[in-house]
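The structure under discussion appears below in the form of structure tokens.
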Amino acid sequence: MSSQRERSRVLQATKKTGELIMEYFSKAWDAKAQGKPIAWITVFTPVELLRALDIYPIAPEHFGAMCSARGVALDYLEEAEKKGYSQNLCSYSRCGLGYALSGMRGLMPSPDFLLTFRNSCDVYVKWWQSLHMHLGTPLFVGEAPYVLTLEDLDNYVLDYIVKQLEQLVKIVEEKFRLKFDMERFVNIIKLSDRASELWLETLKLRRFRPCPLGGRDSASDIFPLVVMQGTEEAIKFYEELLGEVKERVTKAEGAIENEKFRLLFDGIWLWYAFDLIKYFEDRGAVFVYEPYSEAWAYRLDASKPLESVARKILAMGLNLDIDLRIERFSESIKEFQIDGAVLFSNRSCKSWSAPQQITADILSKKFDIPHLLFEADMADPRQYAEAQVKNRVDAFLEVLGES
Amino acid sequence: MAIPSELRDLCKNPTTILNRYKDSGVKVIGYTCSYVPEELIISAGLQPYRITNIGADVSALTPSFVCPFASAVLENMVRLEGFFDGFVIAHTCDPMWRLYDILKKKISKPLFLLRVPHNTDNEHSLEFFKLELIRFKKFLEENSGATIDENALFGATRLCNENRSLLKDIYMLNEHGQFKINALDRFPLVLASMWMPKVEINTQIKTLHFNHSERDGDVRLHLNGTSIYDMDLIRIIGDSGGFVASDDLCTGSRYFWSNVEKSEDPISALAYRYLKRTPCPSQGPIEDRLEYINFMVKEFRAQGVITFAGRFCDPILYDSVHIREMLSKNGVATTLIDYENSTQEIGRIKTRMEAFIESIGG
């Protein structure tokens with residue numbers, strides 16, 4: 001097995017994310033001790049705005065993923081289920097609710113404010129309402145209507161978000177006696193934009209053969225763009241990562257040794273089963289593109305800071321019309337020379353999974369590439385039939401080998 | 001007095017009316033939920049028809065863990081496409097939202113997604129929703145060739161208001177602990193209002209008189225949930241010694257509880273009514289919904305609350321925790337009955353129902 005282990009190589013920069021995450025939570029507790037407000041946010045909410053107000057953002061979704069990856073999610077999942085939350089509900093939400101219901105004595109300090117924008121799923125609204133009901137913490141529910149055409153990123157839909165952001169600033173200023181500093185906000189926007197730029201540049205290098213950055217890297221490397229947007233630390237991380245990936249390209253060194261198949265992965269990762277990515281890699285298949293990895297980066301215009309952040313909230317991948325999503329899939333299949341698509345039908349993410357079959361059929365037909373659609377859950381290991389999934393992976397790779 | 005048998009038959013097979021519309025050249029717009037203002041459809045000279053899950057199995061186009069109700073609605077939209085001149089889907093919950101994605105790639109008829117804000121008590125949500133209704137109006141005009149003028153809209157609003165008032169008057173007969181109308185007579189009137197021309201159903205309702213349901217002494221219950229088209233679910237409650245005193249269903253009181261107020265700006269009035277109406281489980285704030293359920297339970301003297309949850313219905317499954325907490329503090333018994341296919345699981349559901357009603361004292 002040692003030779004198999006050597007076949008896939010995780011980047012040095014990726015290995016640092018664990019430390020970065022622990023530092024992030026440690027700083028959250030410092031902020032709490034200093035009396036700074038802590039906001040529990042759903043991802044793809046305006047972190048830049050909170051940072052400009054000196055509010056510390058924490059994403060329970062990320063916490064759920066991390067608990068699952070470290071094998072400690074079950075206690076929280078069961079705590080929520082004991083309260084009556086069905087196993088059919090999003091596992092991130094069950095993990096976050098279980099944590100809230102069990103006294104919040106772990107990595108996340110208790111929230112002073114709850115913030116969500118409904119741009120990925122309606123679970124955001126329901127989950128945050130539930131937290132609000134259990135904890136009594138003030139809640140702001142922002143609305144981000146589905147983007148039907150790109151015009152929505154400039155018309156009354158965008159105005160609606162901008163107005164809500166202005167409202168949010170006012171509410172938070174009053175509630176916590178804070179002052180929004182536009183100059184600080186603009187600087188944060190610039191930092192956030194730079195981190196996105198670096199990550200997008202890094203992702204583009206995956207077009208090279210062999211692919212320098214695999215799925216095990218991209219799954220971890222997104223972290224600084226989840227809650228650390230607008231910080232120097234995030235930029236430092238992505239600069240190092242880009243440097244290392246460029247070096248790999250120069251040396252023609254891939255994420256795996258013998259790259260046979262270049263794959264697209266559609267979905268959130270199975271956090272408790274990272275070995276599944278390695279299972280592909282050990283068989284010569286590397287993930288070269290994931291909409292999930294790309295979704296975290298969004299270029300911001302510091303000359304229009306509020307509009308820019310509003311657009312970022314709206315343009316989150318799942319909030320874009322199916323035709324826009326299929327267009328991006330099509331571009332990526334060409335850009336990254338993709339041989340096959342793996343689609344993870346995620347029991348927790350109905351919003352993502354519901355139209356997956358139709359998307360897969362369209363792409364397979366258009367590009368004549370095989371696809372594998374398998375069912376499991378992103379954070380609840382009880383919903384993963386490992387042997388069955390791996391069996392299907394074997395069959396899929398066999399088909400790829402023949403095509 | 002019971003309702004005419006034709007109405008009961010219609011509930012079993014509402015597509016019969018689609019045949020009638022087709023034969024008589026009536027143009028029909030199919031819609032998915034009670035957040036879609038029928039007033040706008042009617043004022044364009046079109047007939048609104050609420051799409052159900054009746055007669056359809058789950059669609060092979062959705063994964064097994066997506067709401068079987070929405071999936072069956074999708075199946076019916078694809079299966080019955082030929083009867084319709086267009087469809088409108090309201091973005092309420094995730095499955096309904098994603099039906100739009102799937103249908104966009106699957107059908108050829110005009111399709112519209114009405115983006116309903118989830119945060120209904122935000123002033124900016126109201127402004128936005130008004131603009132969405134204007135976009136919807138334009139969609140209807142483009143696809144019908146008609147121009148929706150203010151008079152047409154005022155007329156349609158009057159008709160819909162009359163319908164809602166008639167349904168509410170009947171509903172209120174059970175107020176304060178009375179047993180005047182059986183749910184098996186009441187629900188079909190609501191459902192028929194979603195399928196039949198308003199003038200026709202309003203005329204029929206006006207001829208009906210209800211004084212006593214003969215269920216006096218049964219355990220009074222409130223039904224919580226989303227949409228119920230399967231009248232057998234209602235029937236087994238009566239068979240188990242229960243009396244449906246009130247509900248907060250999308251196919252029940254939420255459809256007709258409030259009217260559109262008089263206004264010189266009919267679109268604004270519509271936006272206000274549809275956004276501020278009694279909230280669906282997928283909308284917020286949750287406090288409004290809890291308050292409404294609490295009010296209904298007290299007003300109609302319900303002794304217990306049954307939550308009907310279609311399996312994988314996220315909004316209901318989250319809310320049920322808070323509904324149970326609130327009601328148990330008030331000493332009201334609750335039960336959650338989840339199912340994937342009510343017809344196939346009716347025996348199991350009835351056993352649960354009987355046990356619940358018995359525990360209350362039926």
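The values are calculated or read from the model by the stated rules, or taken from the named source; none is laboratory data. Because the structure is predicted, anything quoted here is derived from the model rather than measured. Quick reminder, even Gly has a Cβ in these numbers, built from the backbone with ideal geometry, and neighbours come from all protein chains shown.
Among the residues making up segment A:143-164, those that are within 7 Å of another protein chain (Cβ to nearest Cβ) and out of contact with any Pro (no Cβ under 8 Å at 6 or more places or on another chain) are A:Y146, A:L148, A:Y156, A:K163, A:Q164. Screening A:T359 against (1) surrounded by fewer than 20 Cβ atoms within 10 Å (Cβ to Cβ); (2) within 30 Å of A:D321 (Cβ to Cβ); (3) modelled with pLDDT under 95 leaves a single unmet condition, (1).
The rows are residues; the columns are (1) crowded, with 23+ Cβ neighbours inside 10 Å; (2) in contact with a strand residue (DSSP E or B) (Cβ under 6 Å, 6 or more places away or on another chain); (3) hydrophobic (A, V, I, L, M, F, W, C); (4) modelled with pLDDT under 95.
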residue	(1), (2), (3), (4)
B:I306	yes, yes, yes, no
B:C313	yes, no, yes, no
B:S320	yes, yes, no, no
B:M326	no, no, yes, no
B:A333	no, yes, yes, no
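Among the numbered criteria (1) surrounded by fewer than 17 Cβ atoms within 10 Å (Cβ to Cβ); (2) more than 30 Å from A:R382 (Cβ to Cβ), which one does A:D275 miss? The one condition A:D275 does not meet is (2). Scanning segment A:208-233 for residues that are touching a strand residue (DSSP E or B) at 6+ places or on another chain (Cβ under 6 Å), under 22 Å from A:K246 (Cβ atoms) and assigned to a helix (DSSP H, G or I) yields a single hit, A:G215. Of everything in segment A:101-125 that is farther than 23 Å from B:E123 by Cα and touching a helix residue (DSSP H, G or I) at 6+ places or on another chain (Cβ under 6 Å), the residue that is nearest to the other protein chains (Cβ to nearest Cβ) is A:L101. If only residues of segment B:122-131 that are crowded, with 20+ Cβ neighbours inside 10 Å and either in contact with a Phe, Trp or Tyr (Cβ under 6 Å, 6 or more places away or on another chain) or free of Cβ contacts under 8 Å to residues at least 40 places away in the same chain (or both) are counted, the one that is farthest from the other protein chains (Cβ to nearest Cβ) is B:N122. Would you be able to say whether some residue in segment A:126-136 is at pLDDT 95 or above and more than 11 Å from every other protein chain (Cβ to nearest Cβ)? The answer is yes, given that some residue of segment A:126-136 is at pLDDT 95 or above and more than 11 Å from every other protein chain (Cβ to nearest Cβ). When segment B:298-343 is filtered for residues that are in a loop (DSSP other than H, G, I, E, B) and within 14 Å of B:T226 (Cα to Cα), the ones remaining, listed by number, are B:R311, B:F312, B:C313, B:E340, B:S342. Of all residues in segment A:165-186, those satisfying the criterion of being away from chain B (no Cβ under 14 Å) and part of a helix (DSSP H, G or I) are A:V172, A:E173, A:E174, A:K175, A:F176, A:M182, A:E183, A:R184, A:F185, A:V186.
For every residue, the table says whether it meets (1) without any contact (Cβ under 8 Å) to a residue 60 or more places away in the chain; (2) part of a helix (DSSP H, G or I); (3) closer than 30 Å to B:I134 by Cα.
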position	(1), (2), (3)
A:V141	yes, no, yes
A:Y160	yes, yes, yes
A:K163	yes, yes, yes
A:D193	no, yes, no
A:E201	yes, yes, no
A:R206	no, yes, no
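Residues that are over 18 Å from A:D361 (Cβ atoms) and among the polar types (S, T, N, Q) number at least 1 in the following helices (runs of 4 or more DSSP H) confined to segment A:290-344: A:291-295, A:305-314. Could you list, in sequence order, the residues of segment B:206-236 that are in contact with a strand residue (DSSP E or B) (Cβ under 6 Å, 6 or more places away or on another chain) and not in a loop (DSSP other than H, G, I, E, B)? Within segment B:206-236, B:V219, B:R220, B:L221, B:H222, B:L223, B:N224 qualify. With the structure loaded, tell me whether A:A354 is away from chain B (no Cβ under 14 Å) and crowded, with 21+ Cβ neighbours inside 10 Å or whether it fails that test. So A:A354 does not fit the description; no. Residue count for segment B:1-13 under the criterion of being assigned to a helix (DSSP H, G or I), among the hydrophobic types (A, V, I, L, M, F, W, C) and out of contact with any Ser or Thr (no Cβ under 7 Å at 6 or more places or on another chain): the result is 2. Of all residues in segment B:187-204, those being without any contact (Cβ under 8 Å) to a residue 40 or more places away in the chain and crowded, with 17+ Cβ neighbours inside 10 Å number 1. Looking at segment B:14-109, the helices (runs of 4 or more DSSP H) lying wholly inside it that each contain 3 or more residues that are crowded, with 24+ Cβ neighbours inside 10 Å sit at B:38-43, B:68-79, B:94-106. Can you say whether A:F208 is touching a Leu at 6+ places or on another chain (Cβ under 8 Å), away from chain B (no Cβ under 11 Å) and not aliphatic (A, V, I, L, M), as far as the supplied structure shows? So A:F208 does not fit the description; no.
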